[in-house]
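The structure under discussion appears below in the form of structure tokens.
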Amino acid sequence: MDTSENAPVIEVRGLHQKYGDFEAVKGISFEVRPGELFALLGTNGAGKTTTIEILEGFRAPSGGSVRVLGHDPFTERAKVRPHTGLMLQEGGFFTDLTVAETVRFWRDVSPRKPYSVAETLGRVELEDKAEVQVRQLSGGQKRRLDLALATLAQPKVLFLDEPTTGMDPEARRNTWTLIQDLVSAGTTVLLTTHYLEEAERLADRLAIMHEGRVELAGTSAEVVAQQGNRIRFRVPDALPADRLPLLDGVRATTELRKGQVTAEYKLGADPESTQQSLAQLIGWATHNRLVLDRLEVRSASLEDVFLEVAHAA
Ligand code: ATP
């Protein structure tokens, strides 16, 4: 076991998980260092929740190994659990209790109690809901209560499974700030999300999963850099798509939306060759007396990368 200060807080090595004959996770590996926020992104059913549930010690893996704070979370649950906070996709609340009673209940069983009930609710802006029954909270308010409970004992490791689903944009931003504060204070976070902006904003590193495998991993900049640059424009009316030029040997893909055809070239990441392709395109348009409306050149976004992974199957 690596006991150095920078030893991974979360380690996943060749993890497999089967449900009967179905293999939901097919040999994934990654690690999360102290104080890092790692985001697991992926298509529906990719295996993110399964992975998080194994890390939380809810089930033993079918193959490979996982470690949290150097321990096996399933067989050494008692060593790991007091230091972890969990926010599951479905919060397991007693919905007859009020919000304040729920926090009081969790505080009573919590190994550490750094915040009062009022402070706990204040952290997620639910002070004015203290006397409301949990069943009467909106979906986004329930997520906020769940986050307050997950962080109640100042855990070293926080597992957040789609923490901001159902939140309005302001609550989402406030939650991001809370998560960033926790990370600044040294908490290690593993988060799953379908919001790519959330991953871009919060994650030090991320992985994109698809059908049980990690397809891409790295910092958001590294993952995006692998995808290169894009040139897009509206195809002038009446110009057949097969008249569009090849740019650096790349053929345009076209898309028809609301009666308007848009062309897109997926180029390499090298800025010089992108500039040459652009010059070539403009030369072609000028020569043919065409005006390229909505012309844009941009780096691939995380969304482009995600869609590429999702469609590559
Ligand atoms: P989403 O983004 O939709 O929440 P996910 O990436 O979290 O998806 P998982 O919930 O881990 O995906 O599910 C991975 C696959 O395993 C899915 O095909 C799912 O149907 C299947 N699965 C999950 N739990 C079980 C179970 N208990 N029994 C059988 N199959 C399961």
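Compute the angle between helix 302-311 and the longest alpha-carbon principal axis of the chain, please, reported from 0 to 90 degrees and rounded to the nearest 10. That works out to roughly 80 degrees. For the range 172-223, evaluate the Debye formula with one uniform point scatterer on each Cα (no solvent term) and list log10 I(q)/I(0) at q = 0.16 Å⁻¹, rounded to two decimals. For the requested q values the scattering log ratios are -0.50.
Let me check I've understood the local charge: for G259, count other residues with C-beta under 15 angstrom from its C-beta, Lys and Arg +1, Asp and Glu -1. What total comes out? So the surrounding residues net to +1. Computed as a quarter of the hull surface, the mean projected area of the alpha carbon convex hull for the range 151-270 stands at 11.2 nm².
What separates the Cα centres of the range 24-40 and the range 239-286 is a distance of 37 Å. The residues neighbouring R173, those whose beta-carbon lies less than 11 Å from its own, together hold a net charge of -2 under the Lys/Arg +1, Asp/Glu -1 convention. Taking each of K18/K142; K79/K129; K113/K156; K129/K156 in turn, the alpha-carbon distance tops 23 angstrom for K18/K142; K79/K129; K129/K156.
Extending 7 Å from the Cα toward the beta-carbon at both D168 and T262 defines two label points whose distance is 3.0 nm. DSSP assigns beta bridges within the chain; of those with both partners inside it, close to 65 percent run antiparallel. Note on R201 and Q226: their simple-model spin labels are 2.5 nm apart, each label 7 Å out from Cα toward Cβ.
For the chain, the normalised intensity computed at q = 0.06, 0.07, 0.08, 0.12 Å⁻¹ comes to -0.28, -0.37, -0.47, -0.87 (log10 of I(q)/I(0), Debye sum over alpha carbons, equal scatterers, no solvent). Fully extending the segment from D181 to K18 would add 55.0 nm, taking 0.36 nm per residue of separation and subtracting the current Cα-Cα distance. Angle of helix 139-150 to the longest C-alpha principal axis of the chain, folded into 0 to 90 degrees and rounded to 10: 60°.
Once backbone amide H atoms are built at 1.01 Å from N, R33 has V9 as its partners under 5 Å, excluding neighbours fewer than 5 places away on the same chain.
The mean sequence separation of alpha-carbon pairs under 8 Å and at least six residues apart, normalised by the residue count of the range 98-166, gives a relative contact order of 40 percent. Using C-alpha pairs below 8 Å separated by at least 6 residues, the relative contact order for the chain is 19 percent. Between the range 202-218 and the range 98-139, the alpha-carbon centres lie 33 Å apart.
Note on R243/K113: beta-carbon distance plugged into 1/(1 + (r/R0)^6) with R0 of 51 Å gives a FRET efficiency of 0.10.
Stokes-Einstein diffusion for the range 55-202, with the hydrodynamic radius set to the Kirkwood value over Cα pairs and evaluated at 25 °C in a medium of 0.890 mPa s, equals 154 µm²/s. Could you list the trypsin sites (Lys or Arg not before Pro) in the range 243-299 that lie in coil according to DSSP, counting only those with at most 16 other Cβ atoms within 10 Å of their Cβ? Loop-located and lightly packed - R251, K258, R289, R294.
No value in this document is a laboratory result; all are computed from the given coordinates. Note that the structure is predicted; figures quoted are calculated from it, not measured. Cβ atoms come from the backbone with ideal geometry, glycine included; neighbour counts cover every protein chain shown.
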